[in-house]
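The values are calculated or read from the model by the stated rules, or taken from the named source; none is laboratory data. Note that the structure is a prediction, hence the values are computed from the model and not measured. As a convention, Cβ positions derive from the backbone with ideal geometry for all residues, glycine included, and neighbour counts pool all protein chains shown.
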Ligand code: TZP
Ligand code: MG
């Protein structure tokens, strides 16, 4: 999986323009992460933007995944939802969403990974793997070795590595056991532009593609 994660605040060039460039650069999924409080969008504007982003993804066969908000994901007919540890439980989200909806969950240690797998997550996000300035929260940098620890502990669910990932860091995380990567700044703030930023990562990831 090659996932581009972004909300409006992450995209100085505009979120729709950046998403289109990322799609041209080879992403396979887009996680819309429009954090409440970070954006000035009201509910209607949020739905309108979500609809446009969803349609852009659909037109190009890219999965559209909504961060945090199960209700919004359902209203938009999203392909999936991505849940943090503090969001709605997987079991409850599963009940509210149509069959076949992808549910991903953020995990930060082996125990959370095993729990997410047990509850039926379709993939888990693992991070921050490397230092990132994009998301400043309480979680320490964990390094690629945690992915190895998860695999050794028997975690089978697809792992998407996140946090400070850029092209040179794709191979180390895949070798540690990740099935894909999720990036924000390596695309949205790339000096080469979003499309080239995505292409650089795609080139590293494509030989390994599992999902
Ligand atoms: N979760 C863990 S790190 C992170 C998120 C959303 C931010 C990743 O951003 P970047 O710019 O790819 O380091
Ligand atoms: Mg969340």
Which of the residues that make up segment 165-183 are within 20 Å of residue 23 (Cα to Cα) and surrounded by fewer than 24 Cβ atoms within 10 Å (Cβ to Cβ)?
166, 167, 179
Would you please name the residue that is surrounded by the fewest Cβ atoms within 10 Å (Cβ to Cβ), looking only at residues in segment 116-147 that are assigned to a loop (DSSP other than H, G, I, E, B) and touching a strand residue (DSSP E or B) at 6+ places or on another chain (Cβ under 7 Å)?
122
Determine, yes or no, whether residue 17 is more than 15 Å from ligand 2 (Cβ to nearest atom), at pLDDT below 95 and more than 27 Å from residue 177 (Cβ to Cβ).
no
Any hit, segment 71-83, residues being modelled with pLDDT of 95 or more and within 13 Å of ligand 1 (Cβ to nearest atom):
yes
Scan segment 71-104 residue by residue and report those that are within 16 Å of ligand 2 (Cβ to nearest atom), over 22 Å from residue 137 (Cα atoms) and under 16 Å from the mean Cα position of the chain (by Cα).
73, 78, 80, 102, 103
